[in-house]
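Here the structure comes first, spelled out in structure tokens, and everything after it is commentary.
The values are calculated or read from the model by the stated rules, or taken from the named source; none is laboratory data. Fair warning: this is a prediction, and the values are worked out from it, not measured in the lab. All Cβ positions, even for glycine, are placed from backbone atoms using ideal geometry, and neighbour counts span all protein chains on display.
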Amino acid sequence: MYAKSKIVFAIMFLVWVAFLLGCVERSTTGSVFLSSEPSGAEIWIDDFNTKKVTPAIINGLSEEKHSYILKKEGYKDKEGVFLILAGETVSIDIVLEAIVTTTTPTPTQTIIPTPIHPIGCLIFHQADEKIAYNWFSYVPASLTKVERGYILITGVFGAVPPTDNYSQVTEQARAQARGYLGLAETKKYILLIPVIPRPSTNHVYAVAFDWKVFLSSSDPFVQRPDMKVNLMIDRLRGDLQRDGYNVHEKVFVEGFSAGGMFAQRYALLHPARVQAIAAGQSGGSIVLPESSYNGIELDWPVAVNDFPTLVGYKFDQATYKQVPQFIYIGDQDTKNSTLRGAGELWRTQSQIDFLNTTFGATDPIRLRNQCDYLKKLGYNITFKEYAGIGHQFTNQMLDDVFAFFSANRY
């Protein structure tokens with residue numbers, strides 16, 4: 001009888017706990033973290049003064065779009081919008097623009113203008129009405145204004161798995177960017193890190209220039225990431241020129257895996273903007289800068305036969321032919337190929353079959369044969385294979401990339 005009472009009591013206790021847990025509602029609010037350069041700006045959310053200054057976190061925001069205004073004496077108000085998702089924190093970093101006043105200097109007074117782009121710190125640029133993507137930039141303190149400055153596009157990656165959470169992709173890009181700051185200082189490169197989406201809904205592999213990025217029927221957010229990056233380059237270069245830097249008009253582009261696909265394909269789309277590229281693994285195949293092979297017409301992303309109709313302008317083969325390219329891969333990198341099925345990147349199975357039959361059934365063999373083929377046609381291309389290395393970016397690869405770039409800084 002006593003044992004039976006204990007069992008009944010235990011059941012009643014579990015039912016009570018379940019009831020209490022059921023009363024806990026899912027969080028329907030989120031937070032925003034706002035920081036500014038300089039700090040100390042008043043934070044207004046939805047036209048309400050929060051009585052907080054940057055950097056600060058604002059909690060309890062409803063799951064919807066909100067507006068913000070940052071106000072600081074001596075600086076222009078900065079306005080923007082952000083989307084709150086339940087249980088998440090949005091991070092916004094803002095560089096405030098100083099209000100320039102005209103002052104006549106006295107014989108003993110020197111006016112030092114406030115730089116448009118801060119030096120020696122990673123700057124977050126939130127998407128705005130002109131540039132649809134978030135992006136980061138970094139100007140090394142080691143770079144002087146008398147030296148020629150070079151912009152390096154780096155830190156590009158394909159979100160794995162694809163996600164609709166663009167804030168998450170942005171934070172991953174921030175982490176990628178931070179890993180390059182030391183190199184930027186020692187090698188004296190101006191960094192530009194674009195945050196390119198890879199949505200899981202209506203998936204488009206935008207980083208890899210999946211053919212769907214060129215279609216007007218695709219979501220505008222994933223259309224033409226190359227054009228969005230061009231706007232970033234132009235804004236960064238313009239800001240630095242106004243700050244007195246001598247920034248070269250062409251950029252370096254480097255990446256591994258999905259970043260390698262971005263580097264090579266961006267150069268195909270805009271060869272006149274590119275000083276040199278370094279592309280590792282590149283999804284297992286580079287886009288051939290030719291319209292056909294042995295009389296067979298080949299469309300994107302195997303080659304560029306349909307480039308004019310797909311992209312909207314003629315392929316500049318003569319300029320691309322002069323772009324220095326470093327293509328590399330580990331000789332054991334055979335398990336991360338994009339050539340595993342049509343749909344995500346390849347338009348038909350016949351495209352995959354052509355590449356496997358003509359240039360080789362594994363990524364290392366295929367890339368080597370593609371590079372050998374293009375080198376014979378007069379392209380400025382260098383290929384390197386790393387013994388015993390799988391799908392990884394090694395220190396030796398990193399050293400070789402920057403040695404290649406150093407040889408092409410002119």
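Total residues in region 342-368 satisfying the condition of being under 15 Å from ILE327 (Cβ atoms) and either charged (D, E, K, R) or more than 29 Å from the chain's Cα centre (by Cα) (or both): the figure is 5. Residues that are more than 17 Å from the chain's Cα centre (by Cα) and surrounded by 22 or more Cβ atoms within 10 Å (Cβ to Cβ) were ranked within region 275-286; the one that is farthest from TYR205 (Cα to Cα) is ALA276. All of VAL213, VAL160, VAL222, VAL253 fail the test of being in a helix (DSSP H, G or I) and closer than 26 Å to VAL287 by Cβ, apart from VAL213.
Each residue in region 278-303 was checked for being closer than 14 Å to SER337 by Cα and either of a type in the set (Val, Ile, Thr) or outside any loop (DSSP other than H, G, I, E, B) (or both), and 5 of them qualify.
Residues in region 341-360 that are touching a residue at least 12 places away in the same chain (Cβ under 8 Å) and in a loop (DSSP other than H, G, I, E, B) were compared, and the one that is nearest to PHE402 (Cα to Cα) is LEU345. For region 287-303, filtered to residues that are out of contact with any helix residue (DSSP H, G or I) (no Cβ under 7 Å at 6 or more places or on another chain) and within 14 Å of ASP210 (Cα to Cα), the residue that is surrounded by the most Cβ atoms within 10 Å (Cβ to Cβ) is ALA303. The criterion of at least 2 residues that are more than 30 Å from the chain's Cα centre (by Cα) and either at pLDDT 85 or above or not assigned by TED's automatic domain parsing to the domain that holds TYR180 (or both) is met by the following strands (runs of 3 or more DSSP E) wholly inside region 31-124: 48-53.
Within region 322-335, is even one residue under 18 Å from ALA258 (Cβ atoms), in contact with a strand residue (DSSP E or B) (Cβ under 8 Å, 6 or more places away or on another chain) and aliphatic (A, V, I, L, M)? Within region 322-335, one or more residues are under 18 Å from ALA258 (Cβ atoms), in contact with a strand residue (DSSP E or B) (Cβ under 8 Å, 6 or more places away or on another chain) and aliphatic (A, V, I, L, M).
Pairing each residue of region 377-393 that is under 11 Å from GLY280 (Cα atoms) with any residue that is of a type in the set (Lys, Arg), provided the two are 6+ apart or on different chains, yields C-beta distances under 7 Å for PHE383/ARG368; GLU385/ARG368; HIS391/LYS335.
Checking each residue in region 225-250 for being in contact with a strand residue (DSSP E or B) (Cβ under 6 Å, 6 or more places away or on another chain) and assigned to a loop (DSSP other than H, G, I, E, B) picks out TYR245, HIS248, LYS250. None of ALA177, ALA263, ALA272 is among the small types (Gly, Ala, Ser), over 14 Å from SER137 (Cβ atoms) and surrounded by 19 or more Cβ atoms within 10 Å (Cβ to Cβ) except ALA263. Output the residues belonging to region 164-201 that are at pLDDT 95 or above and either among the β-branched types (Val, Ile, Thr) or not assigned by TED's automatic domain parsing to the domain that holds LEU231 (or both). Correct list: VAL169, THR170, THR186, ILE190, ILE193, VAL195, ILE196. Could you go through region 297-320 and let me know if any residue there is under 26 Å from PHE405 (Cβ atoms) and either touching a strand residue (DSSP E or B) at 6+ places or on another chain (Cβ under 6 Å) or among the hydroxyl-bearing types (Ser, Thr, Tyr) (or both). The answer is yes; a qualifying residue exists. For region 368-385, a residue qualifies if it is within 18 Å of ALA276 (Cα to Cα) and part of a helix (DSSP H, G or I), and the qualifying residues are CYS371, LEU374, LYS375.
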